[in-house]
Amino acid sequence: ASLPLRPAASMILIARGPEVRVLWVRRSEVNPFLGGFHSFPGGRLAKEDGPADGGPSARELAMIRCAVRETFEETGLLVGVGGIAPDPATLRDLRRQVLDGKAEFWPGIERLGMALESSAFQLSGRWITPHFSRARFDTMFFVCEMDGTPAPDVWPGELDFAEWIEPARALSLWAEDRV
């Protein structure tokens, strides 16, 4: 029998500048799902992101919120959120509390006077893991363009690293079977 599908979302961050770059991450070898693989930041839907079954527009909004939260948890990058950004120490503290299970991301963002700007995201696709996979996800992918390439801050655990890379370089590494 096939495993149940878990709703998930991923963020494709594109930095425009002299060269176009995308942010990709490498999943830790010990990660039970696709350990050692490169991917875009993302993960499973949490209750605080909203309902996955409230109709197409409610689902898309919940999945955007999921992608934003997961990107912040995994890379420390806060994207698609409007308002005056707090100092880096405040954001690091919120991230630590969220990762330690002592706070939820969205209430923390609201307390800081910030809010989601859903117009910053473009739905770019959906991927459902194959039926033979050891975990099954129904993942929506969102594109968000950024100015510049802010440094990601990956904390050891789920991921090994994150980096900005030219898409042609990423494809070349994949074609050479190096990623």
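The values are calculated or read from the model by the stated rules, or taken from the named source; none is laboratory data. Because the structure is a prediction, the values reported are computed rather than measured. FYI the Cβ positions are ideal-geometry reconstructions off the backbone, even for glycines, and counts take in every protein chain you see. Note: accessible area is taken over every heavy atom of the protein model, side chains too, but ligands, DNA and RNA are not part of it. Shrake-Rupley method; radii C 1.70, N 1.55, O 1.52, S 1.80 Å.
Gap in Å between the Cα centre of region 114-179 and the Cα centre of region 57-97?
Each part reduced to its Cα centre gives a spacing of 15 Å.
Suppose every K and R has +1 on its Cβ and every D and E has -1 on its Cβ; what is the size of the dipole of region 4-44 about the Cα centre, in Debye to the nearest 20?
Value, rounded to 20: 100 debye.
Calculated from DSSP H runs of 4 or more alone, at -39500 (n - 2.57) each and per residue, what is the 222 nm mean residue ellipticity of the chain, nearest 500?
Theoretical 222 nm ellipticity from helices: -8500 deg cm²/dmol.
How would 59, 126, 136 line up by accessible area, probe 1.4 Å, largest first?
Heavy-atom accessible area, descending, gives 126, 59, 136.
Ignoring the sites themselves, what is the longest stretch of the chain with no GluC sites (Glu not before Pro) in a DSSP loop and at most 14 other beta-carbon atoms within 10 Å?
By the stated rule (loop sites, at most 14 other Cβ atoms within 10 Å), 30-175.
Dipole magnitude of the chain about its Cα centre, charges +1 at Lys/Arg Cβ and -1 at Asp/Glu Cβ only, in debye to the nearest 20?
Charge dipole of the chain: 420 debye, to the nearest 20.
For the chain, set up a Gaussian network in which alpha carbons nearer than 10 Å are linked by springs, and say which option among 103, 89, 46 fluctuates the most.
So, out of 103, 89, 46, the one fluctuating most is 89.
With +1 assigned to the C-beta of every Lys and Arg and -1 to the C-beta of every Asp and Glu, and no other charges, what is the dipole magnitude of region 1-98 about the Cα centre in debye, to the nearest 20?
100
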